[in-house]
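Take a look at the structure set out below.
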Amino acid sequence: MASVKTGGASDVAAVTSEIQDIVESLKSAVEQKLNRSLNVYRAISYRSQVVAGTNYFIKVAVGDPDECVHMRVYQPLLHFGERVSLVSIQTDKRLLDEIEYF
């Protein structure tokens with residue numbers, strides 16, 4: 001997991017299997033927001049922010065080698081019994097675009 005500062009976003013980190021699983025679980029929500037099917041759908045990197053749960057800011061490849069989206073995902077604390085949710089998405093991103101808080 002990326003180094004985390006409570007309240008602030010972590011440094012960019014390489015994707016873990018946990019992050020890829022989160023991304024996979026939200027594929028249909030992303031496709032719905034983009035209004036298209038995604039043959040390419042792979043997490044590239046991410047940042048996290050510890051709040052009352054965790055916000056993840058995830059760069060995901062969705063098309064040609066340079067086409068990406070940035071996802072903001074919220075994972076509540078386990079004892080709340082809620083599921084991971086897609087909070088928002090930024091489109092028209094490229095592989096070299098930095099992941100920023102949004």
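Residue 100 to residue 50: extension gain in nm, 0.36 nm per residue of separation minus the Cα-Cα distance?
So the extension gain works out to 16.5 nm.
So for 42, 36, what's the accessible-area order with a 1.4 Å probe, most first?
Details: 42 135, 36 95 Å².
Correct descending sequence by accessible area is 42, 36.
Placing unit charges on C-beta atoms (Lys and Arg positive, Asp and Glu negative, everything else neutral), compute the dipole magnitude of the chain about its Cα centre in debye, rounded to 20.
Values: 11 positive and 13 negative charges, 39 e Å.
Rounded to the nearest 20 debye, it is 180 debye.
Which cross-chain or sequence-distant (5 or more) residues have an amide H under 5 Å from the amide H of residue 53, H modelled 1.01 Å from N in plane?
Amide H to amide H, under 5 Å and 5 or more residues apart or across chains, residue 53 pairs with 77.
In the range 20-102, what GluC sites (Glu not before Pro) fall in a loop by DSSP, with at most 13 other Cβ atoms inside 10 Å? Walk me through the intermediate numbers first.
On the way: sites: 24, 31, 67, 82, 98, 100; in loops: 82, 98, 100.
Counting only loop positions with at most 13 other Cβ atoms within 10 Å, the GluC sites (Glu not before Pro) in the range 20-102 are 82, 98, 100.
If I model a spin label at residue 88 and residue 39 as a point 7 Å from the Cα along the Cα→Cβ vector, what separation in nanometres do I get?
Those two pseudo-labels are separated by 3.2 nm.
Largest first, what is the accessible-area ranking of 38, 96 with a 1.4 Å probe? Walk me through the numbers before you get to the answer.
Working: 38 5, 96 165 Å².
Listed by decreasing accessible area, they come as 96, 38.
I'd like the accessible area for residue 91, computed on protein heavy atoms only with a 1.4 Å probe and all protein chains in place. Round to 10 Å², please.
Accessible surface of residue 91 is approximately 70 Å².
Enter the mean projected area of the convex hull around the alpha-carbon atoms of the range 44-102, in nm², rounded to one decimal. Display every interim value, and only then the final one.
On the way: hull surface 16.1 nm².
Dividing the Cα hull surface by four gives the mean projection, 4.0 nm².
Give the Cα extents of the chain along the principal axes, in whole Å, largest first.
The principal-axis extents, from largest down, are 36, 28, 23 Å.
Could you give the size of the charge dipole of the range 47-87 about its Cα centre, using +1 on the Cβ of each K and R and -1 on the Cβ of each D and E, expressed in debye and rounded to the nearest 20?
Values: 4 positive and 4 negative charges, 47 e Å.
The dipole magnitude comes to about 220 debye.
What does the helix-only formula give at 222 nm for the chain: each DSSP H stretch with n ≥ 4 adding -39500 (n - 2.57), the total divided by the residues, and the result rounded to the nearest 500 deg cm²/dmol? Mind showing how you got there, number by number?
Values: 2 runs with 17 residues, N = 102.
The helix contribution divided over the chain gives -4500 deg cm²/dmol.
The values are calculated or read from the model by the stated rules, or taken from the named source; none is laboratory data. Everything numeric in this text was worked out from a predicted model, so none of it was measured. When we count neighbours, we look across all protein chains shown, and the Cβ atoms used for this are built from the backbone with ideal geometry, even at glycine. Keep in mind that these areas ignore ligands, DNA and RNA; they rest on the heavy atoms of the full protein, side chains included. Shrake-Rupley method; radii C 1.70, N 1.55, O 1.52, S 1.80 Å.
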